[in-house]
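Below: the structure, in structure tokens.
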Amino acid sequence: MVAILAWPCVAQRQRAAVKKKAAPVVEVSEEELRFQEMLEATQKIMFIDSVVVDKQAFLQCYQLTAEAGTVSGYNQFFRTDDQPYSIVYANQLGNKCWFARDGKLYTSDKLEGRWSEPSPIEGLGRYQRANYPFMLADGLTLYFAAISNDGLGGLDIYVSRYDNESGTFLTAENIGLPFNSDANDYMYAIDDFNGVGYFATDRRQPEGKVCIYTFIPNQTRVTYSTDEFDMETIRSRARIERIADTWTDEDLRNEALGRLRDVQTTPVKKKETTMAFAIDDNTVYTSPDDFRVAENKERYKRLCDLQKRYREQGVELDKMRAYYHKAGDAEKTTLRGDLQTYEQQYYQLETEIHRLEKMIRNTEISNLK
């Protein structure tokens, strides 16, 4: 009887001696932590369509209006073969472009049918493999894709804006969800004239394929409210699991799809020339080939260069004058000499421009007579 009574106590001591297994430690990557941080700021976007295509041909899906500019491959644009993966964006007039080369971003201007020496785009921050630039119609807002320490993995899409006061771009910011993911997300482009946007991603895609999403851009940033949506729904929208879930207004979607069809069926108009050089009251040259005096082609090229420098120096001179008026008396004394020198250079440029214009016109008029 004693043995029987003692048995439960022994069993209890044995069970107490058995250690509980610790719960497995789940390591969370930095990218996943950043995803969680961005989740509540997920933009509320209507995706009107999506299509999976070969990565090599993805640019064919970007149906931009002529006013929005063009996106094309570097090799095709510059007629070379050394940058097979780089992309070029050119503005509507075709006289300025932004492009990637060897993983860095540059810009260039077209003068007399030739692209100027590339200028690196400064101020964006530290990025690897920067590519896929796109400039909005405002000429100030630049989108691009790159790998960065604050990204979600692979290529992420970033945005920066040009600061007229400093003359450089501001440090770029990650545009967040749902446009970025732990895969490669890139070639963000907005057609302001058609109210449609595009971006490409290889999330959930097989090797060599990419999905192009078409969406309606918001005029101002709109996010999902946690009062209206639970976190699982927001997470699903952030990952773009079903674009049909974003079709909250069928009329709005159908109107956007109609605008897309109009772009696809509208013939591409030939770009108008940006050159208009008046020789006299009855003659205006619209191409360098119009010059009858051979030397005037080179003179006109120099004229364009001087006019560009004149515009840039005028902007800098305005900044210097504004700063001078705000400066203290001691600083004004130091700045006065620099300001006078800069003004003198500015007016010398103006004089040289007028002299060159007059020379070109007079020699052409003599030839016409």
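Do you know which residues across the range 191-214 are out of contact with any Ser or Thr (no Cβ under 9 Å at 6 or more places or on another chain), assigned to a strand (DSSP E or B) and surrounded by fewer than 21 Cβ atoms within 10 Å (Cβ to Cβ)? Within the range 191-214, just K209 meets the criteria. Considering the range 150-190, and only residues there that are among the hydroxyl-bearing types (S, T, Y) and outside any loop (DSSP other than H, G, I, E, B), the residue that is farthest from R221 (Cα to Cα) turns out to be T168. Acidic (D, E), open to solvent by 60 Å² or more (accessible area, probe 1.4 Å) and assigned to a helix (DSSP H, G or I): is that true of D262 in this structure? For D262, the condition - acidic (D, E), open to solvent by 60 Å² or more (accessible area, probe 1.4 Å) and assigned to a helix (DSSP H, G or I) - is met. Only residues that are open to solvent by 50 Å² or more (accessible area, probe 1.4 Å), among the aliphatic types (A, V, I, L, M) and not in a helix (DSSP H, G or I) were counted in the range 320-369, giving 0.
Number of residues in the range 122-145 that are crowded, with 19+ Cβ neighbours inside 10 Å and on the phi < 0 side of the Ramachandran plot equals 11.
Applying a threshold of 6 Å to beta carbon distances and a minimum spacing of six or more residues, or different chains, the list of pairs starting in the range 182-202 at a residue that is among the polar types (S, T, N, Q) and ending at one that is in a strand (DSSP E or B) and surrounded by 17 or more Cβ atoms within 10 Å (Cβ to Cβ) reads T201/D185; T201/C211. Looking across the range 36-52 at every residue that is touching a residue at least 60 places away in the same chain (Cβ under 8 Å) and of a type in the set (S, T, N, Q), the one that is surrounded by the fewest Cβ atoms within 10 Å (Cβ to Cβ) is identified as S50.
The values are calculated or read from the model by the stated rules, or taken from the named source; none is laboratory data. In this text, all values refer to a predicted model and were calculated from it rather than measured experimentally. Because the Cβ atoms are built from the backbone with ideal geometry, glycine has one as well, and the counts that use them run over all protein chains shown. The area values use the complete protein model at the heavy-atom level, side chains included, leaving out ligands, DNA and RNA. Shrake-Rupley method; radii C 1.70, N 1.55, O 1.52, S 1.80 Å.
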